[in-house]
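Step one of this worksheet: look at the structure below.
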Number of protein chains: 2
Amino acid sequence: MYINKIEEDLDCGIRVAFKIFGGKWKLCILDAINRGITRPTDIQKDIRIASRRVIEMQLAELLSYGVVEKCAEEVYPKKSEYEVTPFGKTIIPLLAQIDAWGTANAAFVKTRQLELEKIAIG
Amino acid sequence: MYINKIEEDLDCGIRVAFKIFGGKWKLCILDAINRGITRPTDIQKDIRIASRRVIEMQLAELLSYGVVEKCAEEVYPKKSEYEVTPFGKTIIPLLAQIDAWGTANAAFVKTRQLELEKIAIG
DNA sequence: CTGCCTACCGAATCTTTTTTCGGTTATTGC
DNA sequence: GCAATAACCGAAAAAAGATTCGGTAGGCAG
């Protein structure tokens, strides 16, 4: 496990929240599991752009904080199924709102991004 | 401006949202401005643990995406006041919920973190 | 036994983000 | 002119985070 060098301040709710679900892919993974995509291989197929390894790692972190739980079935081909725990379920409403906000503002953000790039280059 | 090497995927609402307010201090800064702490110096005093520079930079990013706006007054001592724009205001409810979630779960997260460290060391 | 599938792990490397530190500019009070 | 204060910028370094690559292990089909 990697231990941070700069001490964290968890006196602020925002920072606590980001510690749990602030990773690049954590909410995407949580969303996938919540939608019934429970196996690592399938999650990876769902979030193609993320690498196999990062999904394994972020899944392990979500697991270690009890956001998801593993229900491995010892069958062929080896199956691991992840489920959102009751604790994890408390994140779902936030996830839904964040996703909705992003979807609603995607067009604006993309346009603005292009403008900013033009300014940076030109 | 730093231009990313890995191409971003903004096809997912979560990723769009994180692009705008996913930075380490962005929501904290937005929260401060929303609470009426509008000047860079004061924001820095409010979030002591964050460096002067990072606040300047994240403020600049929030500004470039129109989340906040600057209302500089040319007086002594030089004043810059930042305000949350109508666009930025749409983030406030999410911010409030994220903060509330983090505050509600801070004790659990801290305890769990200690347990995980014990396992890692022991 | 061999090849294949799935889950994971370790380590090196690369990318991104944050931090540190030292500037510049502008204005005021002395 | 000179100290002080505020805003902001640039660049290097440090830290964190993500990615790539190549493993191991178990079990099944042929």
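Here, each number is a calculation from the coordinates, and none is a lab measurement. None of the values given here were measured: they were computed from a predicted structure. As a convention, Cβ positions derive from the backbone with ideal geometry for all residues, glycine included, and neighbour counts pool all protein chains shown.
The calculated 222 nm mean residue ellipticity attributable to helices in chain A amounts to -18500 deg cm²/dmol, summing -39500 (n - 2.57) over DSSP H runs of n ≥ 4 and dividing by all residues. Near A:C12, once Lys and Arg are set to +1 and Asp and Glu to -1 for all other residues with Cβ below 12 Å from its Cβ, the sum equals -2. Springs between Cα atoms under 10 Å define the GNM used for chain B, and in it the highest mean-square fluctuation of B:Q58, B:Q97, B:Q44 occurs at B:Q97.
Comment: the Cα-to-Cβ extended label point of A:S80, at 7 Å, lies 4.6 nm from its counterparts in the other copies, nearest first. Think of the protein assembly as shown as having a plus end and a minus end, set by charges on the Cβ of Lys, Arg, Asp and Glu; of B:C28, B:Y2, B:A106, B:Y2 sits farthest toward the positive end of this dipole.
Here chain A is scanned for trypsin sites (Lys or Arg not before Pro) in DSSP loops (not H, G, I, E, B) that have at most 15 other Cβ atoms within 10 Å, and the longest stretch holding none of them is A:79-122. Under the rule a/c < 1.5 gives rounded, and otherwise a/b versus b/c splits prolate from oblate, where does segment A:13-121 land using the Cα gyration tensor? It is prolate, given that a/c is not under 1.5 and a/b is the larger ratio.
Considering only B:A107, B:A50, B:A32, the Gaussian network model of chain B with Cα springs below 10 Å gives its largest mean-square fluctuation to B:A107.
Shown for chain A: lysine pairs separated by 8 or more places, or found on different chains, whose C-alpha atoms are under 19 Å apart, numbering 14. With contacts taken as Cα pairs under 8 Å at a separation of at least 6 residues, chain A carries a relative contact order of 19 percent. Relative to the other identical copies, A:E7 shows label-point distances of 4.5 nm, where the label point lies 7 Å from Cα along the Cβ direction and values run shortest first.
Mean-square fluctuations from a GNM of chain B, with a 10 angstrom spring cutoff on Cα atoms, peak among B:I47, B:I29, B:I37 at B:I47. Dipole magnitude for segment B:13-121: about 320 debye, using +1 per Lys or Arg Cβ and -1 per Asp or Glu Cβ, origin at the Cα centre.
Against chain A, whose longest principal axis is taken from its Cα atoms, helix A:92-121 shows a tilt of about 40°.
Please report the equivalent ellipsoid semi-axes of the protein assembly as shown, computed as sqrt(5 x eigenvalue) of the Cα gyration tensor, largest first, in whole Å.
Whole-Å semi-axes of the equivalent ellipsoid: 34, 22, 16.
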